[in-house]
Amino acid sequence: MSLDKVKSTVLEQAEARAREQVENARAEADRLLADGRQADERNAADRVRDARLRLERESARELERVDHDNRMHVLSAKNRVIDEVFKRVLEKLDSLPDSDYVAMIGKWLDTLPADAGGTLRVNPKDVAKFTSGLDDLNRSRSGAGRFTEVTADSKVPSGAVVEGPDYRIDCTIHRRLLEIRETSLGELAKMLFI
């Protein structure tokens, strides 16, 4: 074989190998690009999915917060209505004629233990009412259970507080209305709002 032919054969083989390596490199580059595109598409799809999930969670939390706020506003409005009802009841009870007012408080006082007597503390505006009705209040009471005097006490809003040597019994209209409110709130709410 001649030197030129050997050179030519070696060059051809080198060119063939180079073409093959270039083709392989192009194929590898195309594969890497395709893999990269797929990974980018997957990453983009993952980011979109994650963003949607985050948005759904945030929307659900916001809806729950708005729903909670709405329920609180409705409850607050209902409580204001109930407060207004009890305020009007208190006003009506406070405006009863003196004899009816003392008789009502007297019925509450009758429920006290027989030996629970002593000083009746009342609002200054009610002293005359209770002083004139003291005999009637004591009619069914005896001994230590009798009410001995009526004393003005500006801390008593309405009704009376019975004060003995070692006890104090709150028989105010406010406390009675609070008890009624606590025990009948559900029924009252049903009557008002259903």
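Calculated [222 nm] ellipticity per residue, helices only, for the chain: -26000 deg cm²/dmol; basis is -39500 (n - 2.57) per DSSP H run with n ≥ 4, divided by all residues, nearest 500.
The structure shown yields volume of the Cα convex hull per residue in Å³, and of the options (1) 138; (2) 117; (3) 235 that calculated value carries the label (3). Which one, 137, 55, 93, has the greatest fluctuation when you compute a Gaussian network model over the chain with C-alpha springs under 10 angstrom? Result: 55 has the largest fluctuation of those listed. The gain in end-to-end length when the residue 81 to residue 59 segment is fully stretched comes to 4.6 nm, 0.36 nm per residue minus the alpha carbon separation. Across every direction, the projection of the convex hull enclosing the Cα atoms of the stretch 9-81 has a mean area of 4.4 nm². Volume per residue of the convex hull around the Cα atoms, evaluated for the stretch 89-177, comes out as 84 Å³. By the combined test of axial Cα extent (at least 15 Å) and Kyte-Doolittle hydropathy (mean at least -1.0), the qualifying DSSP H helices of the chain come to 98-110, 127-138, 173-193.
Read the figures in this text as sums done on the coordinates, not as results from a lab. Model, not experiment: these values are computed from the prediction.
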